[in-house]
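Read the structure below first, then the notes.
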Amino acid sequence: MQRVMLNQAKTMLFIIMGLIALGALKHLFGDKPFILAITFLVIVLVCAGIAKKYYAQAVILTGGIILLIATVIAFPDVSITKAASGSKFIDIFVEIKVLFSDSISKLGLIIMVIAGFSRYMNDIGASAKLVGVCIKPLKRINAKYVLLGCCYILMQVLALFISSPSGLALLMLTTLYPVLRSIGCSKAAVASVIASGICIDYGPSATGSVLISELTGYDLFSFFVDKQVPIVAILFVVIGISHMVMQAYWDRKEAVNEDDNESHAKDADISKHVPTYYALLPVVPMIILFVFSSLVEEYLPSYLQIKIDVVSAIILSFFIAFLIDSIRTFDLKKSTDKVLGLFDQMGQSFITVVSILLCAQVLVAGIIKIGFIDTLFGFIPNEGHYATVIVVLFSLLIFCGSVIMGTGTVFNAFAPLSAEVAKGAGISVFKMLVPLHFSASLGRSFSPISGVIIAVSGFVGVTPFQIIKRNCVQLTIAYVLMMVLSLSYL
């Protein structure tokens, strides 16, 4: 008991000393050192807590609330939320409510619906049939790491019409994951490839591409073809080859063997009782999203030029699958009972995946509100003769901001400022904005609180740090190569 009390006393003493030190730092050296110090301190403590296997949601949420409280105390003029309550302290929790509402209605809903659809595909035997159909020709290739690299390139191509990294990753977990596991790929290797599936945002549907087009006045599709394709075409091949090498390396290092793979005997038995066309049901959402995407819109008659989002496509796909299963079995009671798994999995995904995304949004809000990103950008010179240095520094800051915040939207916040700096320094706006856009998405893929990393790790059952560890070499190579190509080509 005395030891516990002594440890508690030491903890309180460290907290008090830390608060005094931060207050002295702000008083003696001003706002910027204080902002950098407290933000880095909170981030380090959050990462340490996750590494020590504390409940991640609690650690991340607490870190975000601490930064918001620090903002209220140190910078009372900063607006915490648009829905002001009249009390700065209460505004913190009003903003958390707003963040939770927005996240649940957008990304959270996508994740839950995709997870539920995946469970339903499994329960009706469609996933098992897809595995059964695909496994025979894939086993003949006898080169699982080559397939992993090719699957990465396939995902980046699919990203042209499925712009949500988490949405695409979870669709791949429904269709690609069981197939690759069946041919002997380790779950960590497959998870790492899927998690990096949109490590580079590009294409006409990417928000960053639209923003660059608006800032430069350049036609969106022409920008995609002229400025992005020559760079990403090289990057995709290099990253795909790097995946082949590095996933094989980590599997050997971690002594992964085929005994690690789940048994698919039960799935194989289930698949014997369903027709072959069931193998198409798990990929129906991708077919719908592709058919009604901007890529093929101009080739369709006007009455088929329909806009559909990921959630709507999955719900439609579920309804199609439900009708087919009901008609085939001619047992409505049995068919409706299978729907229970869909909603059960939606609830489970909220507990394991969506909850941590909600908490991560609070941490991101704290980092933004306290002025961390603005402070970082304030250190960059904008003289013209530092042209290359400015691009590299801005790129590094956007990259680091995305790692810290777990999202590539930091680019959207600072793209207008970056464009003005480029004009003032006599730099091509494309040379500034294109690498910044790519840096943001690459940084997101390095972040343990990134939505796609959390979604994949939670779904598969590995830690975010395992995924980042397996991908760090590929993404580092991609970042350096991207900077070289951008500075030399644009």
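Evaluate E = 1/(1 + (r/R0)^6) for residue 253 and residue 221, where r is the Cβ-Cβ distance and R0 equals 41 Å; express this FRET efficiency to the nearest 0.05.
Values: r = 44 Å, r/R0 = 1.07.
Efficiency computed from Cβ-Cβ geometry: 0.40.
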Quiz item: Can you work out ³J(HN,Hα) from phi for every residue in the stretch 237-244, in order, using Karplus 6.51 cos²θ - 1.76 cosθ + 1.60 and θ = phi - 60°, giving whole Hz and x for Gly and Pro?
Solution: 5, 5, 5, x, 5, 4, 4, 4
Quiz prompt | Cβ-derived FRET efficiency at R0 45 Å, residue 37 paired with residue 287, nearest 0.05 | solution = 0.30
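Could you give the accessible area per residue of the stretch 309-356, probe 1.4 Å, as a whole number in Å²? Could you put the intermediate results ahead of the total?
Numbers: 2670 Å² over 48 residues.
On a per-residue basis, 56 Å².
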Quiz item: How much FRET efficiency would the formula 1/(1 + (r/R0)^6) give for residue 309 and residue 333, where r is the Cβ-Cβ distance and R0 is 30 Å, rounded to 0.05?
Solution: 0.40
Self-check item: Solvent-accessible surface ranking, highest first, for 427, 315 at 1.4 angstrom
Solution: 315, 427
Quiz item: How high is the relative contact order of the stretch 156-248, in percent, with contacts defined as C-alpha pairs under 8 Å that are six or more residues apart?
Solution: 27 percent
Self-check item: Estimated vicinal HN-Hα couplings, Hz - the stretch 171-182 in sequence order (Karplus 6.51, -1.76, 1.60; Gly, Pro = x)
Solution: 5, 5, 5, 6, 9, 7, 4, x, 5, 5, 5, 5
Self-check item: Cut-off under 5 Å, modelled amide H: who pairs with residue 143 long-range
Solution: none
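The values are calculated or read from the model by the stated rules, or taken from the named source; none is laboratory data. Predicted model, so just to flag it, every value in this text is computed and none were measured. Glycine also receives a Cβ, built like all others from the backbone with ideal geometry; neighbour counts cover every protein chain displayed. For the accessible areas, the whole protein counts, side chains as well, though only heavy atoms, and no ligand, DNA or RNA atoms are used. Shrake-Rupley method; radii C 1.70, N 1.55, O 1.52, S 1.80 Å.
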